[in-house]
Amino acid sequence: MRNSPTFASGARLRAALGAAVLTASALFGGTAYGATDAVNTAGHSAAAQGVAQGGLIVRDDLQALFRQAGVRGTFALFDVKRGRTTVVDAARARKRLIPASTYKIPHSLIALETKAVKDENEVLPYGGQPQPFPEWEHDMNLRDAVRVSNVPVFQTLARRIGLKRENQWVNRLNYGNRRIGPVVDRFWLDGPLEISAIEQTRFLSRLARQQLPASKRSQLTVRELLKVEEKDGYALFAKTGWGMSTTPNIGWWVGWVERGDSLHTFALNIDVNADKDTEKRIPLARDLLTVLGVLPKA
């Protein structure tokens, strides 16, 4: 749930790619070339393998980056222009998990569309109860609530929206398994709502292009709430999630990158066995986006 803007060093990325080189060499009987050559070689093999796996491009050579980070997980990348999906660990990329605070993306849209909040500047109450993180113990507007991933503020919104409208909207948006159960302010934290990494990329591709069944104004507002950075010819939009109700916990980082005329949506989830693992979500996903050519090299 909490944002963790810690970035990977170039040294760690080079080390991880070195491991990928050795893996590719062992698998394909080749010579260990430079890191870029190794990624390209593995990519051609993965593309051939992907045809046999429902058209996905499987890049399991990139599990080296997960091993380097000391976590298990998956990554899904959707190239919207080419209609091409690249995954690390295809089985897990299809597995539905609780969305945790990544649900704040559709939740913000639902709140705006149902008028549960006037606009992104309306100050919302957190309820006055002690919270696990001090930054949550404040009334705040929607913009700040997304930025610090304020759960109690979004629980206030969920109660304003109500079960009936929450159910109508997860169905309308075709979000994950579209199940919310009987508890209006916990269904994205404990279940039954679940979504896969691949499904996240499809949902985000529609939001990024303002193609969801909601007003363009609301979709553009949510887009701005998610903007992380804009520089060097690209814009990055993203949201973290930390699901604490499962063992192991689940860590998410999902979003999209606009660069030139290209649009790539992505979703990473990892097992969180210790709180410090949440700090690995963003740098790991950035490493993957860089290796796959979506983000420019530092």
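The values are calculated or read from the model by the stated rules, or taken from the named source; none is laboratory data. These numbers come from a predicted model, not from an experiment. Backbone-built Cβ (ideal geometry, glycine too); neighbour counts: all protein chains shown. Please note that ligands, DNA and RNA were not included when accessible areas were found on the heavy atoms of the full protein model with its side chains. Shrake-Rupley method; radii C 1.70, N 1.55, O 1.52, S 1.80 Å.
Quick one: with all protein chains in place, what share of the accessible area of the stretch 256-298 is carbon or sulfur, to the nearest percent (1.4 Å probe)?
44
Beyond a 26 Å Cα-Cα separation, which of these cross-linked pairs lie in this structure: Lys95/Lys276; Lys104/Lys276; Lys231/Lys276; Lys164/Lys276; Lys81/Lys118?
Lys231/Lys276; Lys164/Lys276; Lys81/Lys118
With N set to the number of residues, divide the alpha-carbon radius of gyration of the stretch 95-208 by 2.2 N^0.38 Å and report two decimals.
After normalising by residue count via 2.2 N^0.38 Å, the value is 1.01.
Spelling out what I want: for every residue of the stretch 85-92, take phi, set θ = phi - 60°, compute 6.51 cos²θ - 1.76 cosθ + 1.60 (Karplus), and round to whole Hz; glycine and proline get x.
Taking θ as phi minus 60°, the curve returns 10, 10, 9, 10, 6, 4, 4, 6 Hz for the stretch 85-92.
Amide H neighbours of Asn249 under 5 Å, counting only residues 5+ apart in sequence or on other chains, H built in-plane at 1.01 Å?
Under 5 Å from the amide H of Asn249: Val272.
Placing unit charges on C-beta atoms (Lys and Arg positive, Asp and Glu negative, everything else neutral), compute the dipole magnitude of the stretch 142-298 about its Cα centre in debye, rounded to 20.
I would put it at about 680 debye.
Give me the aspartates and glutamates in straight-line cross-link reach of Lys297: C-alpha distance below 12 Å, same-chain residues under 8 apart excluded.
Filter leaves Asp232, Asp287.
On the accessible surface of the stretch 60-216, probed at 1.4 Å, how many percent belong to carbon and sulfur atoms?
The C+S portion of the solvent-accessible surface of the stretch 60-216 is 45 percent.
Would you mind getting the accessible area per residue of the stretch 168-298, heavy atoms of the protein chains only, 1.4 Å probe, in Å²?
It amounts to 39 Å² per residue over the stretch 168-298.
Work out from phi, with θ = phi - 60° and the Karplus expression 6.51 cos²θ - 1.76 cosθ + 1.60, the ³J(HN,Hα) of each residue of the stretch 190-195, listed in order in whole Hz, and give x for Gly and Pro.
Calculated HN-Hα couplings, in order: 10, x, x, 5, 9, 8 Hz.
Normalized C-alpha radius of gyration of the stretch 79-133, against 2.2 N^0.38 Å?
Details: Rg = 17.4 Å, N = 55, 2.2 N^0.38 = 10.1 Å.
Its radius of gyration relative to the 2.2 N^0.38 Å reference: 1.72.
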